[in-house]
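Contents: one structure, followed by commentary.
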Amino acid sequence: MTLFRLDASIRVDGSHSREVADLVEAEWAATHPDDAVVRRHVGTEPVSAGAWAAAVGAAYTPEGERSIEQRSAVAQAAAEVDALVAADALLFAVPLYNFGVSQHFKTWADLVITDPRMAAGVTPAIAGKPAVLVTVRGGSYAAGTPREGWDHASGWMRRILADVWQLDLTVVEKEFTLVGVNPTLDQFRDLADELGRKAEQDARDHGRALAARRPQAA
Ligand SMILES: Cc1cc2nc3c(=O)[nH]c(=O)nc-3n(C[C@H](O)[C@H](O)[C@H](O)COP(=O)(O)O)c2cc1C
């Protein structure tokens, strides 16, 4: 068995998304102690900004006429998809940045979709695989809060992972990670603690479930 884990935080130390994803991974590893975890750190080792356009351009260019950049982008897209296809379970850890999806996660996902195995109109090569998305936010976007509706990342990520890629997806969310960092959020300390504990419990529960699940036929 292999777990594929992608991290999109731009930091390593103090990263909440990594911490929560570590709990998911620990539960998976407890069931699969001798099995491999393949890691992709797109936040710190990003896909280059030009790769997606080059891969898209390659699709409209006869193979023999492709530029070096196009060939390289096509090969990179294939390698990214190979890693997903080879995995039995998938774990994504992605923070909210500027009210939207992490650019590094989006760039990576866009490149993945250029591969013919993941293109529109075909059943994705990873359809039915069990997956957990861990997503964290500095503030809160819960119903009734002033910024309800401002989180434009979670909906897009669910759309891609669950609907487009047809993964068997569960989501762990942690909000108010900037409490203790941003003084204007000090009034939310108790709530942040409670949400943090819930996220940790959800991570353990979903991690155990991830370890137990087997890929479903799409
Ligand atoms: C450049 C930048 C932009 C951010 N934008 C938002 C935002 O729009 N909304 C929000 O709730 N938190 C925002 N945050 C806070 C992060 O979501 C939060 O710090 C999160 O914990 C980061 O993930 P990490 O802890 O795994 O590094 C932003 C953080 C950074 C560094």
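Please treat every number below as a calculation from the coordinates, not as lab data. If you're wondering where the values come from, they're calculated on a predicted model, not measured in any experiment. Note: ideal-geometry Cβ built from the backbone for every residue, glycine included; neighbour counts use all protein chains shown.
Values computed for the structure shown
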read-out: Candidates Val74, Val181, Val42, ranked by Gaussian network fluctuation over the chain, Cα under 10 Å, top entry; value: Val181
read-out: Net charge contributed by nearby residues that have their C-beta within less than 14 Å of Val74 (K/R +1, D/E -1); value: -4
read-out: Dipole magnitude (debye, nearest 20) for the chain, charges at Cβ of Lys, Arg, Asp, Glu; value: 260 debye
read-out: Ala142-Thr31 FRET efficiency (beta carbon distance; Förster radius 22 Å; 0.05 resolution); value: 0.10
read-out: Computed lengthening from Ala120 to Arg159, 0.36 nm per intervening residue step minus Cα-Cα distance; value: 12.7 nm
read-out: The range 170-182 - phi-based ³J(HN,Hα) in whole Hz, Karplus 6.51/-1.76/1.60, Gly and Pro as x; value: 10, 10, 10, 10, 10, 10, 6, 6, 8, 5, x, 10, 9
read-out: Computed E for Glu200/Val85 - FRET, C-beta separation, R0 30 angstrom, nearest 0.05; value: 0.45
read-out: Simple Cβ-charge dipole of the range 1-123, Lys/Arg +1 and Asp/Glu -1, about Cα centre, in debye nearest 20; value: 360 debye
read-out: GNM result for the chain, Cα springs below 10 Å: residue of Gln187, Gln76, Gln201 fluctuating most strongly; value: Gln187
read-out: Positive-pole candidate from Ala199, Ala153, Gln166, dipole of the range 103-218, charges at beta carbon; value: Gln166
read-out: FRET efficiency, 1/(1 + (r/R0)^6) with R0 25 Å, evaluated for Ala212 and Arg39 via beta carbons; value: 0.70
read-out: Kirkwood hydrodynamic radius of the range 163-218, Cα pairs, Å; value: 13.4 Å
read-out: Radius 12 Å from Cβ of Ser140, net charge of other residues (Lys, Arg +1; Asp, Glu -1); value: -2
read-out: Most fluctuating residue given options Asp88, Asp190, Asp115, as computed from a GNM of the chain linking Cα atoms under 10 Å; value: Asp190
read-out: Diffusion coefficient, µm² s⁻¹, Stokes-Einstein with Kirkwood Rh over alpha-carbon pairs of the chain at 37 °C and 0.692 mPa s; value: 181 µm²/s
read-out: Mean separation of Cα contacts under 8 Å (6+ apart) over length of the chain, as relative contact order %; value: 26 percent
read-out: The range 36-112 and the range 134-187: distance between their alpha carbon centers, rounded to Å; value: 23 Å
read-out: Those residues of the range 82-103 whose amide nitrogen sits under 17 Å from the label point placed on Ile10, 7 Å along Cα→Cβ; value: 94-103
